[in-house]
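The values are calculated or read from the model by the stated rules, or taken from the named source; none is laboratory data. Just so it is clear, the structure is predicted and the values come from calculations on it, not from any experiment. Because the Cβ atoms are built from the backbone with ideal geometry, glycine has one as well, and the counts that use them run over all protein chains shown. We work out accessible area using only protein heavy atoms, side chains counted, and drop any ligands, DNA or RNA first. Shrake-Rupley method; radii C 1.70, N 1.55, O 1.52, S 1.80 Å.
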Amino acid sequence: MKSERIARVLIVLLVVGLPSVAVIARSSPGAIELHGSIADNGGWNPANLSVGVGQPIHLRLTSDDVMHGFAIGQSDRAPIDVSPGKMTETTLIFDKPGKYTFYCTRWCGIKHWRMRGAI
Amino acid sequence: VGGAIVTPIDLARAPIVKAVLRNRWPQFGLRVLALAGFVFAIIAGLIGTPVGSHNFAIVFVWIAWWAVLMLLAVPILGRGWCSICPIPLPGEWLQNGVALGPIKKGFGLNRRWPNKLRNIWLQNIAFTLVALFSLVVLTTPSVTSIVLLALLFMAIGASLIFERRSFCRYLCPVGGFIGLYSQLAPIELRVKDMAVCAAHTQKSCYIGSADGYGCPWNVYPAALTKNINCGLCLECLRTCPEDNIVINLRSFGADLGQTRGRKLDEAFKAFIMLGSAVIYSAVMLGPWGALKSAAYSIGTLNWLIYAFGFVTLIFGVLPGLFLGAVALGNKMTQAATSLKKTFVVYAYSLVPLGMMAWIAFSISFVFTNISYAWSTASDPLGAGWNLLGTAQTAWTPYSTQSIPLLQAIALLLGLGWSSVTARRIANETQSGRSAMLQALPVVGYCCVITIGLLGLLIG
């Protein structure tokens, strides 16, 4: 009976505990995952982001299909390559309020120009 | 290779080994760890990054686990994976009422599995269904989670309705091919002395006792002649009061020499597996973008054409050509055996080539992609974590120059092994030139498949 109790505790700890820790850790605020895909398949996801003035916003960029690029209008920052199967991280800080457009810098498809989002 | 050449050696002869195997804790510990990994994979697929190469569900299920399964566990241990598989665990605990024996009052209805379904046809269908959707399953974490959840719920459902591990024996799509290829493994669980079993009236290995459960795979150990239906759960080792169970180290492929118990459902499993290895090699490793797109575009007309081609190849073309080959052998030797029986019996000679084809196929993508495991171990959800300090490890394909050589060796070994097996099967009913003529078309069939696979994998 004692060994049965130990077995049940082990099950709860490993089978329930481990995934629960992952879920809790995942739900804590962190980087935003920004996916790029050709405009016909939805473009940027999420396409609209919000952040306070002077607060950093951490982005993890990846592509769901072909090579894309990430750049922000009214910014001197160099474009970032967004590759399929790879995560590229960047942190942005905006010191003036406003609506900033981000867009794809790679000729990713026939509707490439529609691949835009806003912060 | 290919027959009972070596006298079996009982691995459990050493008291320490037997004590470890009889003790429930080592196996229980491994199974609980596997279940934790399984549940974590489901969670990772659902809440982790959709980028497959950065998600635990894809990297640790379809690359790391698959590598261990196909390159080590199945060829060496046969059903060794089934021994610690987590999928039947929750259902079995509900069925038995305990996590760690002996059985108490559980929740199951304990119905008998229907007689008409006491074969592996459902497993054949289940594997084919998963295979048809495999390109999406293998690359999309959320879909992998759905498949794993479906397997888990099917196993729980089967445990609550039917007796013992009916899911493992008759439904599991993975268990079906592990069973087929376990015939080749150099490990077997058997009884030491049949007379002892015959004299033992209680049959505690089948019924169960205070020391353990009656065979969860619904097998009477004294009747075991092949590995196919033995899940290596080790319960009979625990329940046998006569110490009459042995775990033998034997020659590779010893089961293929068993003349009894050759069945059509198992024969078709050989074609399903061989055909799937051919199709996967073409779709996943071949240069045909249109084929890849068709396999990925589920529900479209192109996918329907792909699915039709897949099913036609494994259930029609491959068995049809093989039927022609064995008919030719029958005609050349004027054998009196029925064509159906010849077809079933000789299909077992395809088992070695099938396993080697899967090994050759697995070598390429496992060696190419296993480096994703280092970064994913640190960041299993693709959430930007770096738990082990390896999150930034770059993708590095390993041994790229050796892969074609290893694949060629595997395939040629499979061809040789299958050819020897075909000849041995022919020797069961014929001798000399007649046996050679009977086996020749089957060997030719294996040569064509091998050349095709060499072309697809190595180019």
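Mind listing just one residue for me: the one in the stretch A:73-82 that is within 16 Å of the chain's Cα centre (by Cα) and of a type outside the set (D, E, K, R) and, of those, surrounded by the fewest Cβ atoms within 10 Å (Cβ to Cβ)? Steps first, answer last, please.
Within the stretch A:73-82, the subset within 16 Å of the chain's Cα centre (by Cα) is A:80-82.
Checking the rest, the ones that are also of a type outside the set (D, E, K, R) come to A:80, A:82.
Values: A:Ile80: 17, A:Val82: 25.
Of everything passing the filter in the stretch A:73-82, A:Ile80 is surrounded by the fewest Cβ atoms within 10 Å (Cβ to Cβ).
Can you pull out the helices (runs of 4 or more DSSP H) entirely within the stretch B:304-408 that have at least 1 residues that are at pLDDT 95 or above, among the aromatic types (Phe, Trp, Tyr) and over 30 Å from A:Arg26 (Cα atoms)? Working first, answer last.
Details: elements: B:318-333, B:339-347, B:350-369, B:372-378.
Passing ranges, in order: B:318-333, B:339-347, B:350-369.
Checking the conditions here, which among A:Gly98, A:Gly85 is facing chain B (nearest Cβ under 9 Å), among the small types (Gly, Ala, Ser), over 12 Å from the mean Cα position of the chain (by Cα) and at positive phi?
A:Gly85 is the lone residue from the list that is facing chain B (nearest Cβ under 9 Å), among the small types (Gly, Ala, Ser), over 12 Å from the mean Cα position of the chain (by Cα) and at positive phi.
List the number of the failed condition for A:Pro79; all other conditions in (1) within 14 Å of another protein chain (Cβ to nearest Cβ); (2) modelled with pLDDT of 90 or more hold.
Tallying (1) within 14 Å of another protein chain (Cβ to nearest Cβ); (2) modelled with pLDDT of 90 or more, A:Pro79 fails exactly one: (1).
Out of (1) at negative phi; (2) in contact with a strand residue (DSSP E or B) (Cβ under 8 Å, 6 or more places away or on another chain), the odd one out for B:Ala64 is which?
Checking B:Ala64 against (1) at negative phi; (2) in contact with a strand residue (DSSP E or B) (Cβ under 8 Å, 6 or more places away or on another chain), the one that fails is (2).
Report yes if some residue within the stretch B:396-412 is under 23 Å from B:Ala67 (Cα atoms), out of contact with any helix residue (DSSP H, G or I) (no Cβ under 7 Å at 6 or more places or on another chain) and either charged (D, E, K, R) or within 14 Å of chain A (Cβ to nearest Cβ) (or both); otherwise report no.
Among the residues of the stretch B:396-412, at least one is under 23 Å from B:Ala67 (Cα atoms), out of contact with any helix residue (DSSP H, G or I) (no Cβ under 7 Å at 6 or more places or on another chain) and either charged (D, E, K, R) or within 14 Å of chain A (Cβ to nearest Cβ) (or both), which makes the answer yes.
So which residues in the stretch B:417-431 are open to solvent by 20 Å² or more (accessible area, probe 1.4 Å) and either within 22 Å of B:Phe60 (Cβ to Cβ) or touching a residue at least 24 places away in the same chain (Cβ under 8 Å) (or both)?
Passing the criteria: B:Ser419, B:Val420, B:Arg424, B:Glu428, B:Thr429, B:Gln430.
How about the stretch B:381-396: which of its residues are open to solvent by 50 Å² or more (accessible area, probe 1.4 Å) and closer than 29 Å to B:Phe361 by Cβ?
Answer for the stretch B:381-396, where residues must be open to solvent by 50 Å² or more (accessible area, probe 1.4 Å) and closer than 29 Å to B:Phe361 by Cβ: B:Thr393, B:Ala394, B:Trp395, B:Thr396.
How many residues are more than 7 Å from every other protein chain (Cβ to nearest Cβ), in a helix (DSSP H, G or I), within 30 Å of A:Leu59 (Cα to Cα) and not small (Gly, Ala, Ser) when one looks only at the stretch A:1-31?
Number satisfying all stated conditions: 2.
Given (1) at pLDDT 90 or above; (2) on the phi > 0 side of the Ramachandran plot, where does A:Tyr103 come up short, assuming only one miss?
Among (1) at pLDDT 90 or above; (2) on the phi > 0 side of the Ramachandran plot, A:Tyr103 violates only (2).
Could you check, for the stretch B:177-191, whether at least one of its residues is in contact with a strand residue (DSSP E or B) (Cβ under 8 Å, 6 or more places away or on another chain), in contact (Cβ under 8 Å) with a residue 12 or more places away in the chain, under 23 Å from B:Val345 (Cα atoms) and of a type in the set (A, V, I, L, M)?
yes
If you go through the stretch A:32-39 one residue at a time, do you hit one that is more than 9 Å from chain B (Cβ to nearest Cβ), in contact with an Asp or Glu (Cβ under 6 Å, 6 or more places away or on another chain) and open to solvent by less than 40 Å² (accessible area, probe 1.4 Å)?
Checked against the condition, which is being more than 9 Å from chain B (Cβ to nearest Cβ), in contact with an Asp or Glu (Cβ under 6 Å, 6 or more places away or on another chain) and open to solvent by less than 40 Å² (accessible area, probe 1.4 Å), the stretch A:32-39 yields at least one hit.
Going by the conditions given, is B:Ala254 more than 30 Å from B:Tyr213 (Cα to Cα) and out of contact with any Asp or Glu (no Cβ under 6 Å at 6 or more places or on another chain)? Reasoning before the result, please.
Details: more than 30 Å from B:Tyr213 (Cα to Cα): no; out of contact with any Asp or Glu (no Cβ under 6 Å at 6 or more places or on another chain): yes.
It is false that B:Ala254 is more than 30 Å from B:Tyr213 (Cα to Cα) and out of contact with any Asp or Glu (no Cβ under 6 Å at 6 or more places or on another chain).
How about the stretch B:342-380: which of its residues are aromatic (Phe, Trp, Tyr), out of contact with any Phe, Trp or Tyr (no Cβ under 9 Å at 6 or more places or on another chain) and open to solvent by 10 Å² or more (accessible area, probe 1.4 Å)?
Correct list: B:Trp374 only.
Is it fair to say B:Leu35 is open to solvent by less than 60 Å² (accessible area, probe 1.4 Å), away from every other protein chain (no Cβ under 14 Å) and closer than 24 Å to A:Met1 by Cα? Spell out how you get there, then give the answer.
Working: open to solvent by less than 60 Å² (accessible area, probe 1.4 Å): yes; away from every other protein chain (no Cβ under 14 Å): no; closer than 24 Å to A:Met1 by Cα: yes.
Spelling it out, it is not the case that B:Leu35 is open to solvent by less than 60 Å² (accessible area, probe 1.4 Å), away from every other protein chain (no Cβ under 14 Å) and closer than 24 Å to A:Met1 by Cα.
Yes or no, residue by residue, for (1) more than 27 Å from B:Tyr306 (Cβ to Cβ); (2) acidic (Asp, Glu); (3) assigned to a helix (DSSP H, G or I):
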{"residue": "B:Glu242", "(1), (2), (3)": "yes, yes, no"}
{"residue": "B:Asn248", "(1), (2), (3)": "yes, no, no"}
{"residue": "B:Met273", "(1), (2), (3)": "no, no, yes"}
{"residue": "B:Val278", "(1), (2), (3)": "no, no, yes"}
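In the stretch B:293-329, which residues are over 28 Å from the mean Cα position of the chain (by Cα) and open to solvent by less than 20 Å² (accessible area, probe 1.4 Å)?
Hit for the stretch B:293-329 is B:Gly329, nothing else.
Note down all Cβ pairs under 7 Å where the first residue falls in the stretch B:432-458 and is open to solvent by 20 Å² or more (accessible area, probe 1.4 Å), the second is of a type in the set (Ser, Thr, Tyr) and part of a helix (DSSP H, G or I), and they're at least six residues apart or on different chains.
From the stretch B:432-458, the pairs are B:Ser434/B:Thr333; B:Leu437/B:Thr333; B:Val443/B:Ser419; B:Leu456/B:Ser281; B:Leu457/B:Ser281; B:Leu457/B:Ser364.
Given (1) open to solvent by less than 20 Å² (accessible area, probe 1.4 Å); (2) more than 26 Å from B:Tyr306 (Cα to Cα); (3) modelled with pLDDT under 95, identify the lone condition not met by B:Arg260.
(1) is the only condition that B:Arg260 fails.
For the stretch A:7-31, how many residues meet the condition of being more than 33 Å from the chain's Cα centre (by Cα) and either among the polar types (S, T, N, Q) or surrounded by fewer than 13 Cβ atoms within 10 Å (Cβ to Cβ) (or both)?
Total satisfying the criteria: 1.
When you scan the stretch B:110-204 for helices (runs of 4 or more DSSP H) that lie fully inside it, which ones turn up with 3 or more residues that are surrounded by 16 or more Cβ atoms within 10 Å (Cβ to Cβ), under 22 Å from the mean Cα position of the chain (by Cα) and among the β-branched types (Val, Ile, Thr)?
Counting at least 3 such residues, we get B:134-139, B:141-161.
Among (1) surrounded by fewer than 19 Cβ atoms within 10 Å (Cβ to Cβ); (2) under 18 Å from A:Val15 (Cα atoms), which single condition is B:Cys85 missing?
With (1) surrounded by fewer than 19 Cβ atoms within 10 Å (Cβ to Cβ); (2) under 18 Å from A:Val15 (Cα atoms) applied to B:Cys85, the lone miss is (1).
Please determine whether any residue of the stretch B:283-292 is farther than 24 Å from B:Arg423 by Cα and within 20 Å of the chain's Cα centre (by Cα).
Checked the stretch B:283-292: no residue is farther than 24 Å from B:Arg423 by Cα and within 20 Å of the chain's Cα centre (by Cα).
Quick test for you: out of B:Trp385, B:Trp395, B:Trp358, B:Trp374, pick the one residue that is over 23 Å from B:Gly416 (Cα atoms) and within 27 Å of the chain's Cα centre (by Cα).
On inspection, the qualifying residue turns out to be B:Trp374.
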